[in-house]
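The values are calculated or read from the model by the stated rules, or taken from the named source; none is laboratory data. Note that the coordinates shown come from a computational prediction; the quantities given were computed from them, not determined experimentally. All Cβ positions, even for glycine, are placed from backbone atoms using ideal geometry, and neighbour counts span all protein chains on display.
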Amino acid sequence: MSQENSTRPLRWWLCGLLFLATALSFLDRQVLSVLAPVLTEQLRLSNLEYSHVNTAFLVSYAVMFLVGGRLMDLAGTRLGMALSVGLWSVASGLHAAAQNAFQLGACRFLLGMGEGGCFPGAAKGVAEWFSERQRAVATGIAIGGASLGAVVAPPLTVWLAAAVGWRGVFVTTGLAGAAWVVAWWMLSGSRLLPLAQVADGGEGASERRPPARPVPVSDASAPDRRPALHERPALSVLLRRADVWGLALIRFIVDPVFYFYMFWIPKYLHQERGASMDQIGALSWIPFLALGVSNVAGGWASDRLIRAGLPVQKARTLIMASAAILTVASSLAGQVQTVEMALAMMSLLMLAHGFWVTNYVTLISDRFPQGAVGTVMGFSGAVGAVGGMLANTAIGAVVDRFSYGPVWLMSGLMYPLAFGVLMLMIRSAPQKETEGREGPRF
């Protein structure tokens with residue numbers, strides 16, 4: 001069996017493990033928000049103190065998103081992902097020992113340090129293993145695990161809390177992460193390196209692309225040539241590119257909305273809608289199910305447009321434009337009368353976010369060489385986490401002083417704003433030549 005054929009099933013197994021890693025990532029961070037009504041009461045936390053606990057996560061997440069992205073490019077996907085998941089699994093278990101807001105915040109800080117490398121690692125793995133015509137679908141699967149974790153978190157957390165107490169929930173999630181590290185290390189093994197060396201992402205020999213001509217990543221004057229596949233440019237070189245800053249600004253604008261949904265929705269349902277813990281477990285997963293569906297559907301849609309003959313960049317941005325328009329309706333989530341209607345508005349935004357984020361991440365893989373994907377993902381994610389950190393602290397103060405109303409209003413306006421930045425960004429910096437534009441369709 002040829003090397004290409006032997007790597008074909010392996011790359012999908014590894015993509016599946018990345019799916020589980022992003023699922024664990026969101027499960028571990030969502031546990032706290034689901035337990036927020038219980039934790040804030042038992043540890044006597046105000047809304048502002050709760051926002052500080054979340055900010056502790058976002059501070060380290062911002063730093064380690066950048067550092068973790070660079071680690072993935074330097075150490076490789078195999079070792080980098082093992083270190084990332086291992087660290088946050090230890091941190092998750094330590095939550096069980098927290099006795100006050102400071103200790104809880106310290107655990108969240110450590111959790112953020114571990115989770116910072118997860119999504120840069122997932123993006124890098126997909127960029128290494130899949131060709132452009134399959135990359136968006138693979139990206140949707142890899143990052144789509146996040147929605148599974150968020151869907152499973154509410155009912156699973158409520159059930160586990162009833163069975164083993166809220167401290168036992170954190171111990172359980174920590175052990176699940178440790179099991180993932182063992183499975184990842186065994187499956188990737190020495191076969192991961194040959195997989196990355198398959199120039200066409202594991203496709204058959206008859207579908208192989210011609211080799212790329214090397215060009216420095218900072219050379220914006222040669223759009224007809226793409227960077228060397230495994231080029232690893234320095235961060236200082238990448239920061240001279242306008243599109244890197246544009247991609248980061250997009251995350252700064254959009255990520256606060258997603259963090260609001262992640263950290264505050266269970267608390268909102270309890271505080272403003274009078275939902276019990278059982279109701280939170282039964283309802284708060286619904287928006288994240290919409291996210292999971294659209295993660296994969298968004299990748300499939302843009303890949304389908306490319307196969308139909310649409311240019312790669314236009315296909316990605318067309319899906320993102322449609323998603324941005326849909327999010328405007330989410331501003332009504334705080335105004336509707338019933339919990340069910342509020343959840344419908346939330347689900348609409350999360351559905352749109354799935355289409356948006358899959359194509360956003362794939363744009364990074366399209367525009368940069370494999371050796372820079374993790375770094376660019378890390379830098380943009382770090383900037384997004386800073387935006388989330390600033391917004392999260394403001395949300396606590398706004399809710400304590402006023403209400404959730406201003407937060408809902410702003411959440412519906414951020415994606416259209418970010419899309420405007422995207423249009424300016426892709427005009428100011430030419431895209432690298434897309435691989436396989438003249439290649440066969442499959």
Looking only at region 278-286, decide whether some residue is among the hydroxyl-bearing types (Ser, Thr, Tyr), at pLDDT below 85 and buried (at least 17 other Cβ atoms within 10 Å of the Cβ). yes
Within region 14-62, of all residues that are assigned to a loop (DSSP other than H, G, I, E, B) and of a type in the set (A, V, I, L, M, F, W, C), the one nearest to Arg401 (Cα to Cα) is Leu45
So Leu160 clears everything in (1) buried (at least 24 other Cβ atoms within 10 Å of the Cβ); (2) free of Cβ contacts under 8 Å to residues at least 40 places away in the same chain except one condition, right? Which one? (1)
Taking the stated definitions as given, is Ala372 within 23 Å of Pro311 (Cβ to Cβ) and among the aliphatic types (A, V, I, L, M)? yes
Considering residues of region 266-277 that are in a helix (DSSP H, G or I) and touching a Leu at 6+ places or on another chain (Cβ under 9 Å) only, the residue surrounded by the fewest Cβ atoms within 10 Å (Cβ to Cβ): Met277
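Each row is one residue, and each column tells you yes or no for (1) out of contact with any Ser or Thr (no Cβ under 7 Å at 6 or more places or on another chain); (2) at pLDDT 90 or above.
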site: Arg70; (1), (2): no, no
site: Asp73; (1), (2): no, no
site: Gly80; (1), (2): yes, no
site: Leu83; (1), (2): yes, no
site: Leu87; (1), (2): yes, yes
site: Ala96; (1), (2): yes, no
site: Gln99; (1), (2): yes, no
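To keep it simple, each residue is scored yes or no on (1) under 14 Å from Trp245 (Cα atoms); (2) modelled with pLDDT under 85; (3) not in a helix (DSSP H, G or I).
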{"site": "Val336", "(1), (2), (3)": "no, yes, yes"}
{"site": "Leu349", "(1), (2), (3)": "no, no, no"}
{"site": "Trp356", "(1), (2), (3)": "no, no, no"}
{"site": "Asn359", "(1), (2), (3)": "no, no, no"}
{"site": "Ser365", "(1), (2), (3)": "no, yes, no"}
{"site": "Asn392", "(1), (2), (3)": "no, yes, no"}
{"site": "Trp408", "(1), (2), (3)": "no, no, no"}
{"site": "Tyr415", "(1), (2), (3)": "no, no, no"}
{"site": "Phe442", "(1), (2), (3)": "no, yes, yes"}
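Name the residue, out of Phe102, Phe65, that is assigned to a helix (DSSP H, G or I), among the aromatic types (Phe, Trp, Tyr) and within 19 Å of the chain's Cα centre (by Cα).
Working: Phe102 fails: within 19 Å of the chain's Cα centre (by Cα).
Being assigned to a helix (DSSP H, G or I), among the aromatic types (Phe, Trp, Tyr) and within 19 Å of the chain's Cα centre (by Cα) holds for just one of Phe102, Phe65, which is Phe65.
Yes/no per residue for (1) farther than 30 Å from Val53 by Cβ; (2) out of contact with any helix residue (DSSP H, G or I) (no Cβ under 7 Å at 6 or more places or on another chain); (3) in contact (Cβ under 8 Å) with a residue 40 or more places away in the chain:
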residue: Arg316; (1), (2), (3): yes, no, yes
residue: Leu332; (1), (2), (3): no, no, yes
residue: Gln335; (1), (2), (3): no, yes, yes
residue: Leu343; (1), (2), (3): no, no, yes
residue: Ala385; (1), (2), (3): no, no, yes
residue: Gly405; (1), (2), (3): no, no, yes
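Can you name the residue in region 289-312 that is assigned to a helix (DSSP H, G or I) and more than 15 Å from Trp356 (Cβ to Cβ) and, of all such residues, is nearest to the chain's Cα centre (by Cα)?
Leu289
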Just one of Gly292, Gly309, Gly299, Gly274 is at pLDDT below 85 and at positive phi; which is it? Gly274
Just name the residue that is surrounded by the fewest Cβ atoms within 10 Å (Cβ to Cβ) out of those in region 28-58 that are of a type in the set (Val, Ile, Thr) and farther than 19 Å from Val164 by Cα. Thr55
Sort out which residues of region 1-31 are at pLDDT 70 or above and polar (S, T, N, Q), and write them in order of number. Thr22, Ser25, Gln30
For region 232-248, state whether one or more residues are part of a helix (DSSP H, G or I), within 17 Å of Gly420 (Cβ to Cβ) and β-branched (Val, Ile, Thr). no
Can you tell me which residue is surrounded by the most Cβ atoms within 10 Å (Cβ to Cβ) among those in region 289-305 that are over 16 Å from Val361 (Cα atoms) and touching a residue at least 24 places away in the same chain (Cβ under 8 Å)? Ala290
With the condition being under 23 Å from the mean Cα position of the chain (by Cα), more than 19 Å from Pro266 (Cβ to Cβ) and at pLDDT 85 or above, I'd like the helices (runs of 4 or more DSSP H) fully within region 111-197 carrying at least 2 qualifying residues. 132-188
Considering each residue of region 355-390, count those that are surrounded by fewer than 24 Cβ atoms within 10 Å (Cβ to Cβ) and more than 23 Å from Leu71 (Cβ to Cβ), and give that number. 1
Residue check for Ala321: in a helix (DSSP H, G or I), at pLDDT 85 or above and not aromatic (Phe, Trp, Tyr): yes
